[in-house]
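Asks: Let me give you the structure first, and then I'll get to my questions.
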Amino acid sequence: MGDRMKLATLRNGTRDGRLVLVSRDLTRCTDASFLVPTLQAALDGWSRIAPHLEALAESLDHGSVPVERFHEHDAMSPLPRAYQWADGSAYVNHVELVRKARNAEMPESFWTDPLIYQGGSDSFLGPRDPILMQDEAWGIDMEGEVAVIVDDVPMGASAGHAREAIRLVMLVNDVSLRNLVPAELGKGFGFFQSKPSSAFSPVAVTPDELGDAWDGGKVHLPLMVDLNGQPFGRADAGVDMTFDFPTLIAHAAKTRPLSAGAIIGSGTVSNKLDGGPGKPVGAGGVGYSCIAEIRTIETIESGKPSTPFMRFGDTVRIEMKDQAGHSIFGAIEQTVEKYEKDTRADG
């Protein structure tokens with residue numbers, strides 16, 4: 001697989017930022033834009049560019065290149081915009097619970113045939129950008145997920161071929177507006193307004209950077225989701241993942257090729273407990289990676305949900321640490337704020 005790399009995109013006044021290589025401990029970075037200006041450009045020529053980036057990463061490790069402090073607040077999403085963002089729902093436990101909340105039966109085929117939707121990819125949020133929304137009544141929810149960025153994948157690719165095409169791994173906050181979902185899906189045409197801009201972790205890493213936690217298709221580590229500073233989710237991303245990334249990628253490529261830089265998401269990380277729905281962290285469980293799940297469990301147990309969706313001022317933090325307790329991707333940390341509409345757009 002070559003050398004291990006951590007890549008980030010720093011703000012520089014342009015839409016696509018500038019590419020940097022980041023040290024393992026996320027404290028330092030070195031400019032990579034003299035090799036290739038953006039992460040998308042690197043992905044477009046990966047076989048040619050990657051060896052040069054790997055050499056630069058090694059020089060960064062040895063302290064033999066100019067460095068600057070790496071500040072996660074200065075990072076955009078690794079790909080600030082992408083040609084493709086397709087989000088799976090690999091944790092079928094999550095689908096089952098969320099559908100139960102809106103009294104929708106889940107077909108048996110969901111356990112054998114992956115679910116996937118095409119999201120908006122032209123305006124990703126930075127990992128520390130606020131989540132701007134006009135109305136709390138939309139049911140603002142976070143969804144903690146893992147995502148991969150792929151190289152070119154031909155149409156009809158096998159899962160084995162798809163596995164070889166995984167170039168980078170990162171985390172996602174797939175913001176969802178739960179109260180807009182039922183009416184929108186009721187039209188029979190899929191998500192649009194109910195899935196606003198997503199945010200990705202400050203850093204995207206090569207799969208071998210994950211060591212033993214990466215088995216070629218899943219990340220076997222807990223996804224840490226905190227809501228307003230309290231542990232909300234600690235679900236293991238490698239557990240209860242019905243469809244691994246190669247399966248999701250092959251599913252996405254069944255009727256079309258995927259281009260270098262396409263992002264494939266896992267869907268909300270979700271674990272069962274003793275065959276049933278999980279428990280909150282405070283009750284000894286691994287909790288949840290979105291609010292919709294805990295609301296479903298509250299509804300099952302007491303007839304109605306008691307945990308509100310996110311309100312203005314609420315903050316979500318999504319992170320993943322290695323076995324030694326070090327942050328791998330940096331943290332997504334976002335506060336929900338009221339969007340004051342720009343009246344100039346009404347002209």
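The values are calculated or read from the model by the stated rules, or taken from the named source; none is laboratory data. Note that this is a predicted model, so its numbers are computed, not measured. Backbone-built Cβ (ideal geometry, glycine too); neighbour counts: all protein chains shown. In case anyone asks, the SASA skips ligands and DNA or RNA and just uses the protein heavy atoms, side chains included. Shrake-Rupley method; radii C 1.70, N 1.55, O 1.52, S 1.80 Å.
Asks: What are the residue pairs meeting all of these: first residue in region 107-127, first residue open to solvent by 80 Å² or more (accessible area, probe 1.4 Å), second residue of a type in the set (Val, Ile, Thr), Cβ atoms under 7 Å, and 6 or more apart or on different chains?
Replies: Hits for this filter: 111/92; 111/242.
Asks: Within region 197-225, how many residues turn out to be surrounded by fewer than 22 Cβ atoms within 10 Å (Cβ to Cβ) and either part of a loop (DSSP other than H, G, I, E, B) or touching a helix residue (DSSP H, G or I) at 6+ places or on another chain (Cβ under 6 Å) (or both)?
Replies: Total meeting the criteria: 8.
Asks: If residue 188 passes every condition in (1) assigned to a loop (DSSP other than H, G, I, E, B); (2) at pLDDT 95 or above; (3) small (Gly, Ala, Ser) but one, which one does it miss?
Replies: (2)
Asks: Can you pull out every residue in region 51-78 that is outside any helix (DSSP H, G or I), open to solvent by less than 70 Å² (accessible area, probe 1.4 Å) and among the hydroxyl-bearing types (Ser, Thr, Tyr)? Let's see the steps before the verdict.
Replies: To start, the set of residues in region 51-78 that are outside any helix (DSSP H, G or I) comprises 63-71, 75-78.
Now narrow it down to the ones that are open to solvent by less than 70 Å² (accessible area, probe 1.4 Å): 63, 65, 68, 70, 75-78.
Passing the criteria: only 77.
Asks: Do you know which residues across region 41-50 are surrounded by 14 or more Cβ atoms within 10 Å (Cβ to Cβ) and out of contact with any Asp or Glu (no Cβ under 6 Å at 6 or more places or on another chain)?
Replies: Filtering region 41-50 for residues surrounded by 14 or more Cβ atoms within 10 Å (Cβ to Cβ) gives 41-44, 46, 49-50.
41, 42, 43, 44, 49, 50 - these are the residues of region 41-50 that are surrounded by 14 or more Cβ atoms within 10 Å (Cβ to Cβ) and out of contact with any Asp or Glu (no Cβ under 6 Å at 6 or more places or on another chain).
Asks: Of everything in region 290-304, what is modelled with pLDDT under 95 and not in a helix (DSSP H, G or I)? Give them in sequence order.
Replies: Residues of region 290-304 that are modelled with pLDDT under 95, as a first pass: 292-304.
Matches in region 290-304: 303, 304.
Asks: Give the residue, chosen from 157, 162, that is outside any helix (DSSP H, G or I) and at negative phi. Don't jump to the end; show me each part of the working.
Replies: On the way: 162 fails: outside any helix (DSSP H, G or I).
One residue alone meets the criteria, 157.
Asks: Next question. Out of curiosity, is residue 247 of a type in the set (Val, Ile, Thr), under 30 Å from residue 45 (Cα atoms) and either open to solvent by 70 Å² or more (accessible area, probe 1.4 Å) or more than 18 Å from the chain's Cα centre (by Cα) (or both)?
Replies: Working: of a type in the set (Val, Ile, Thr): yes; under 30 Å from residue 45 (Cα atoms): yes; either open to solvent by 70 Å² or more (accessible area, probe 1.4 Å) or more than 18 Å from the chain's Cα centre (by Cα) (or both): no.
No; evaluated as a whole, the condition is false for this residue.
Asks: Here's something else I'd like to know. Among the residues of region 161-196, count how many are surrounded by fewer than 21 Cβ atoms within 10 Å (Cβ to Cβ) and of a type in the set (S, T, N, Q).
Replies: Number of matching residues: 3.
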